[in-house]
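Here the structure is laid out as structure tokens; the discussion comes afterwards.
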Amino acid sequence: MPSGSSGSTQARPGASAHAEWKQRLDASQAGEEFLKRVAGQADDSWLKPYVDKLVADPPTVATRKASEMALEAINAAVPSTIGGSADLTGSNNTKTKGLEPLTADNYAGRYIYYGIREFGMAAAMNGMALHGGVIPYGGTFLVFTDYCRPTIRLSALQRARVIYVMTHDSIGLGEDGPTHQPIEHLQSLRAMPGLEVFRPADAVETAECWALALASDGPSVLALTRQNLKPVRTGAGGENLCARGAYRLKAAQGPRKAILIATGSEVEIALGVAERLEAQGIGAEVVSMPCTERFDAQSADYREDILPDVSNREVLRVSIEAGATFGWERYTGLHGLRIGLDRYGVSAPYEDAYEHFGLTPGAIAHRVIDTLEKREAK
């Protein structure tokens, strides 16, 4: 464009407006916080002191409750979070004490009651995440990811930092019956490129997974239990072990014969299986795998350390998850054991449902011992 043309003149109003905005930003006490939010930075200083408290006084709670507990710390430390739920606030535990509803009369609110609109909730959260400056999270039941799957896929395609809080994550929801029990959902979501699926085993893992989701540059699903879980991480807090995707929770006491790989509520069961196997002189390791995507991204050396590539006759790999076994052969090998269910659930108290499908320490230990004996007999 020739010198002196109208282009430079037309740019001047914008430059002037930007200069005025920059002046206001520099003069504002909240200017630094504003720039951090726009840049997508999330403060993680809450994590260590919070985990230290959990380790000092380990709670037995459902991971949906553990999520609410973590959110109390997160929402205080990270003012850019905006929570919500699709008509299941009381079940998803997504609203903390300090959050006021966002309404036509209160735009400062940080919680949205979406109503029974899973698709609309997810679409709105995508928009918020793509706009920037806020970190949206919203809840429903895991089985209802079917209603918002297209928008979850868009989250992944667009690398939108949206956090999906999906509770009632297995047949452990019990009496609501097969229609509400997710069977294939975990594996179908893990198959979606660009989406991280976290299934924590206790309150410590839940906090660690929340920290990872907040720091991510893409979408995450937190799959959380309805039923209470005993604490499995009782050691001193330090490294975020969930960041590796999988880690050795319990080493074998005797010569290692089995590696038990479990997620979420089944990690507690895997520890019970290991106890029974060790009592029979069978060395058993327990690997907690809260995020398969993160484990797959680790170095070959780390993956080899956690799941060593040994002869099938030497070590039996066993996956334990209260859902479809499809896909677990990646970690167990073709000749390993895949414990789960490849049919729809039953309507019963969760303890009865788990016993019905053989998802108990005694039943699984029996299958492991039987398999090992058959191998040795060959």
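The values are calculated or read from the model by the stated rules, or taken from the named source; none is laboratory data. Remember, it's a predicted structure, so these values are computed and weren't measured experimentally. Glycine also receives a Cβ, built like all others from the backbone with ideal geometry; neighbour counts cover every protein chain displayed.
For residues that are in contact (Cβ under 8 Å) with a residue 24 or more places away in the chain and among the charged types (D, E, K, R), scanning just segment 38-56, find the one that is surrounded by the fewest Cβ atoms within 10 Å (Cβ to Cβ).
Among residues in segment 38-56 that are in contact (Cβ under 8 Å) with a residue 24 or more places away in the chain and among the charged types (D, E, K, R), the one surrounded by the fewest Cβ atoms within 10 Å (Cβ to Cβ) is Asp52.
For Ala160, indicate whether it is surrounded by 17 or more Cβ atoms within 10 Å (Cβ to Cβ), small (Gly, Ala, Ser), in contact with a strand residue (DSSP E or B) (Cβ under 8 Å, 6 or more places away or on another chain) and free of Cβ contacts under 8 Å to residues at least 60 places away in the same chain. Let's see the steps before the verdict.
Numbers: surrounded by 17 or more Cβ atoms within 10 Å (Cβ to Cβ): yes; small (Gly, Ala, Ser): yes; in contact with a strand residue (DSSP E or B) (Cβ under 8 Å, 6 or more places away or on another chain): no; free of Cβ contacts under 8 Å to residues at least 60 places away in the same chain: yes.
Judged against the criteria, Ala160 is not a match.
Against the conditions (1) at positive phi; (2) at pLDDT below 85, where does Pro13 fall short? Just the number, please.
Status for Pro13: all satisfied but (1).
When both residues are 6+ apart or on different chains and their Cβ atoms are under 8 Å apart, which pairs have a first residue that lies in segment 324-338 and is in contact (Cβ under 8 Å) with a residue 12 or more places away in the chain and outside any helix (DSSP H, G or I), and a second that is of a type in the set (A, V, I, L, M, F, W, C) and surrounded by fewer than 19 Cβ atoms within 10 Å (Cβ to Cβ)?
Gly327/Ala191
So, of the residues in segment 182-223 that are more than 15 Å from Val143 (Cα to Cα) and of a type in the set (D, E, K, R), which turns out to be modelled with the lowest pLDDT?
Asp217
Return the residues of segment 66-123 that are more than 30 Å from Val232 (Cα to Cα), in a helix (DSSP H, G or I) and either among the polar types (S, T, N, Q) or over 21 Å from the mean Cα position of the chain (by Cα) (or both); say none if nothing qualifies.
Residue satisfying the conditions is Gly120 alone.
Mind checking which strands (runs of 3 or more DSSP E) fall wholly inside segment 242-303 and carry at least 3 residues that are within 22 Å of the chain's Cα centre (by Cα) and surrounded by fewer than 23 Cβ atoms within 10 Å (Cβ to Cβ)?
Correct list: 247-250.
Starting from residues that are more than 23 Å from the chain's Cα centre (by Cα) and under 21 Å from Ile282 (Cα atoms), keep the ones in segment 322-344 and report whichever is surrounded by the fewest Cβ atoms within 10 Å (Cβ to Cβ).
In this case the residue turns out to be His335.
Mind checking which pairs have a first residue in segment 238-264 that is within 20 Å of Leu54 (Cβ to Cβ) and a second that is basic (Lys, Arg) and not in a strand (DSSP E or B), Cβ under 8 Å, 6 or more apart or different chains?
Within 8 Å, the pairs are Leu241/Arg233; Cys242/Arg294; Ala243/Arg294; Arg244/Arg294; Leu249/Arg233; Thr263/Arg199; Gly264/Arg199.
Return yes or no: is Ile183 part of a loop (DSSP other than H, G, I, E, B) and of a type in the set (Val, Ile, Thr)?
yes
Just to be sure I understand, how many residues within segment 149-174 are modelled with pLDDT under 95 and farther than 19 Å from Glu266 by Cα?
Summing the residues that are modelled with pLDDT under 95 and farther than 19 Å from Glu266 by Cα in segment 149-174 gives 0.
Results for (1) buried (at least 18 other Cβ atoms within 10 Å of the Cβ); (2) touching a helix residue (DSSP H, G or I) at 6+ places or on another chain (Cβ under 9 Å); (3) among the hydrophobic types (A, V, I, L, M, F, W, C), shown as yes or no for each residue.
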| residue | (1), (2), (3) |
| --- | --- |
| Ser170 | yes, yes, no |
| Gly174 | yes, yes, no |
| His185 | yes, yes, no |
| Leu212 | yes, yes, yes |
| Leu229 | yes, yes, yes |
| Glu239 | no, no, no |
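Got a sec? Which of Ser319, Ser347 is surrounded by 12 or more Cβ atoms within 10 Å (Cβ to Cβ), part of a loop (DSSP other than H, G, I, E, B), among the polar types (S, T, N, Q) and touching a helix residue (DSSP H, G or I) at 6+ places or on another chain (Cβ under 9 Å)?
Details: Ser319 fails: part of a loop (DSSP other than H, G, I, E, B).
Answer to the selection: Ser347.
Against the condition in contact (Cβ under 8 Å) with a residue 12 or more places away in the chain, in a loop (DSSP other than H, G, I, E, B) and not basic (Lys, Arg), how does Pro150 come out, does it pass? Full working, then the answer.
Working: in contact (Cβ under 8 Å) with a residue 12 or more places away in the chain: yes; in a loop (DSSP other than H, G, I, E, B): no; not basic (Lys, Arg): yes.
No, not satisfied.
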